[in-house]
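Encoded as structure tokens, the structure appears first; notes follow it.
The values are calculated or read from the model by the stated rules, or taken from the named source; none is laboratory data. What you see is a predicted model; the values in this text were computed from it and never measured. Neighbour counts are summed over all protein chains in view; Cβ atoms, including those assigned to glycine, are modelled from backbone coordinates with ideal geometry. For accessibility, only protein heavy atoms count, side chains too; no ligands or nucleic acids. Shrake-Rupley method; radii C 1.70, N 1.55, O 1.52, S 1.80 Å.
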Amino acid sequence: MIRFDHATKRYPGGLTALSDVSFDVAPGEMVLVGGHSGAGKSTLLKLIAAIERPTGGAVLVNGQNVGALKRAAIPYLRRNLGVVFQDQKLLFDRNAFENVMLPLAIAGFPPREAAKRARAALDKVGLLEREKAMPVALSGGEQQRLSIARAVVNRPNLLLADEPTAHLDPDTARDVAEIFLDFHRVGVTVFIATYDDAYFAPAAPRKLTLDHGRLLA
Amino acid sequence: MNIWFSHQSAAFSLALRRLLVAPVNTLLSLLAMGIALALPAGGQMLFANAQQLANRSAPAARISLYLAVDADRKAATDLESKFKNNPAIKSWQFMAREETLARMKKSEGLGDVIDALPKNPFPDAYTLVPRDEGPDATEKLAAELRKLPKVDHVQLDSAWVRRLDALLRLGRTSLLLLATLLGVGLIAITFNTIRLQVLTQRAEIEVSRLLGATDAFIRRPFYWFGALQGLGGGLVAWCIVRLATLGLAGPIGELGQLYSLGFTLEPLSAVGSGVLLLAAVGLGWAGAALSLRQYLKDI
Ligand SMILES: Nc1ncnc2c1ncn2[C@@H]1O[C@H](COP(=O)(O)OP(=O)(O)O)[C@@H](O)[C@H]1O
Ligand SMILES: [Mg+2]
């Protein structure tokens with residue numbers, strides 16, 4: 001499903017965020033990425049979603065070398081994965097429902113079908129009653145759940161999440177983690193950068209640890 | 001086709017929403033565009049009217065020739081033999097000074113004045129029809145006639161029409177220049193509003209890209225925005241021209257009556273209105289395209 005082959009990422013300015021990282025993720029696996037702040041966890045996720053390109057080695061998703069994708073092909077890669085961003089990237093001038101509708105509008109779903117899917121996704125994360133709420137009116141946990149709903153509304157088979165339980169109280173964090181466990185249970189490949197391994201323990205996930213951009217054995 | 005349509009209609013309603021979310025800004029842009037468009041559109045409308053007037057009142061070229069007041073009938077018959085030998089003259093009509101006097105006496109108010117004059121103030125006169133009615137040939141013939149003895153004054157009756165025609169041609173060129181300048185101004189207005197739009201929608205553009213939006217998807221609402229704003233500006237311009245027409249119709253009608261031209265101000269034609277609106281939409285679209293090329297690439 002995902003293959004890192006001696007992948008290296010050096011940011012302009014000289015900082016090497018990832019160096020010589022190699023691993024494989026099989027379909028349906030749940031993988032946690034740990035490591036200190038600045039270890040390169042977010043960079044690793046960004047390489048998978050082609051938000052950044054590797055400066056060395058290769059990153060393959062479903063057999064596709066995403067580092068070498070043409071600019072015009074990147075949108076179609078992204079439509080097939082769900083990403084929960086570290087800073088969520090919700091649109092604050094649109095309500096919860098409209099935020100979840102965005103990926104469907106981008107993919108060109110007919111409005112009625114899209115609305116049905118969006119409500120199903122909101123229901124999945126327990127936000128169906130809040131569909132008219134603007135993001136500012138939502139609590140931290142609700143915002144996180146909204147960003148998960150937006151990530152899964154396209155029904156991707158690969159779900160990436162960047163510290164989805166950070167800054168949440170333990171009960172809320174457990175609820176959020178439970179959503180990812182559910183997706184894992186139905187066969188979605190789940191790839192999470194996190195410090196809170198304990199919440200995901202029921203899935204017995206594989207663990208990758210980064211240290212200053214290097215993968216620890 | 002279905003996806004295309006739903007994409008377009010989504011972009012259209014998004015653009016409309018963005019226009020309505022800042023009504024004051026939108027209104028100001030529409031006014032600026034409307035005024036910029038109203039100038040050439042109104043000018044075009046006036047010129048079309050003037051052109052029509054010029055065409056309608058253009059008489060067949062006639063030359064009026066007045067003899068000196070002291071010329072006798074002999075001078076007149078001498079002239080007629082010259083007319084007969086001039087191939088450039090098709091026909092002529094003599095107007096004796098007595099006839100003119102009698103006609104003038106009959107007209108309202110002039111009778112008393114003429115009675116008070118010691119002698120007939122009118123000269124003998126001819127109206128000539130040239131064989132070639134083109135402006136150059138008529139002018140040449142008039143010059144020849146002026147050199148004849150006892151001829152006091154030769155007048156080309158269509159001279160004012162031709163002067164008006166030349167003036168209109170000059171006006172049309174200036175109008176084209178003005179329209180070009182204002183068209184560029186219009187593109188600049190859209191260019192700037194789209195630039196501001198791109199800045200305001202930065203977060204939305206960035207998030208959409210991350211969620212798999214193509215460039216076309218991101219650009220679409222901005223094109224609609226530019227085109228809709230253009231259309232709005234065009235409608236404002238149309239209203240301005242229409243109001244101006246209504247305002248001017250009265251005074252111009254009176255003027256026409258005074259000069260017995262039977263002339264009324266025609267409003268902007270359907271074709272003219274269509275061209276105005278299409279041009280407005282096109283210019284808005286072009287401004288958006290230029291702006292997007294400039295500002296979208298670095299998001
Ligand atoms: N766009 C960027 N430009 C330059 N340096 C960056 C950029 N993004 C991240 N970095 C640097 O790369 C390193 C890894 O960052 P990141 O992948 O965000 O780590 P983590 O998510 O594990 O905290 C950090 O030192 C960070 O400062
Ligand atoms: Mg990070």
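Below, the figures for the structure above:
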{"quantity": "Selection within the stretch A:141-164 - within 12 Å of the chain's Cα centre (by Cα) and outside any helix (DSSP H, G or I)", "calculated": "A:Pro156, A:Asn157, A:Leu158, A:Leu159, A:Leu160, A:Ala161, A:Asp162, A:Glu163, A:Pro164"}
{"quantity": "Qualifying residue in the stretch B:214-222 (condition: within 14 Å of chain A (Cβ to nearest Cβ), touching a Lys or Arg at 6+ places or on another chain (Cβ under 6 Å) and not basic (Lys, Arg))", "calculated": "no"}
{"quantity": "The stretch B:137-178: number of residues that are touching a helix residue (DSSP H, G or I) at 6+ places or on another chain (Cβ under 6 Å), of a type in the set (A, V, I, L, M, F, W, C) and open to solvent by 40 Å² or more (accessible area, probe 1.4 Å)", "calculated": "2"}
{"quantity": "Residue, nearest to the chain's Cα centre (by Cα), within the stretch B:196-243, restricted to residues that are acidic (Asp, Glu) and open to solvent by 20 Å² or more (accessible area, probe 1.4 Å)", "calculated": "B:Asp215"}
{"quantity": "Tabulated pairs, the stretch A:193-205, first open to solvent by less than 40 Å² (accessible area, probe 1.4 Å), second of a type in the set (Lys, Arg) and within 16 Å of ligand 1 (Cβ to nearest atom), C-beta under 7 angstrom, 6+ apart or interchain", "calculated": "A:Ala193/A:Lys41"}
{"quantity": "Whichever residue in the stretch A:68-88 is modelled with pLDDT under 95 and part of a loop (DSSP other than H, G, I, E, B) and, among such residues, is nearest to the other protein chains (Cβ to nearest Cβ)", "calculated": "A:Asn80"}
{"quantity": "Within the stretch A:27-36, tally of residues that are open to solvent by 10 Å² or more (accessible area, probe 1.4 Å) and either more than 12 Å from ligand 1 (Cβ to nearest atom) or in a loop (DSSP other than H, G, I, E, B) (or both)", "calculated": "4"}
{"quantity": "Which numbered condition B:Pro23 misses (of (1) at pLDDT 85 or above; (2) within 14 Å of chain A (Cβ to nearest Cβ))", "calculated": "(2)"}
{"quantity": "Flag if B:Phe47 is in contact (Cβ under 8 Å) with a residue 24 or more places away in the chain, open to solvent by 20 Å² or more (accessible area, probe 1.4 Å), part of a helix (DSSP H, G or I) and within 14 Å of chain A (Cβ to nearest Cβ)", "calculated": "no"}
{"quantity": "Qualifying residue in the stretch A:37-48 (condition: modelled with pLDDT of 95 or more, surrounded by 17 or more Cβ atoms within 10 Å (Cβ to Cβ) and within 12 Å of chain B (Cβ to nearest Cβ))", "calculated": "yes"}
{"quantity": "Hey, A:Val59 open to solvent by less than 30 Å² (accessible area, probe 1.4 Å), part of a helix (DSSP H, G or I) and not acidic (Asp, Glu) or not", "calculated": "no"}
{"quantity": "Close pairs from the stretch B:6-17: first more than 9 Å from chain A (Cβ to nearest Cβ), partner open to solvent by 50 Å² or more (accessible area, probe 1.4 Å) and of a type in the set (D, E, K, R), Cβ under 9 Å, at least 6 apart", "calculated": "B:Ala11/B:Arg219"}
{"quantity": "Criterion (closer than 30 Å to B:Ser174 by Cβ and part of a helix (DSSP H, G or I)) met by exactly one of B:Ser29, B:Ser9, B:Ser13", "calculated": "B:Ser29"}
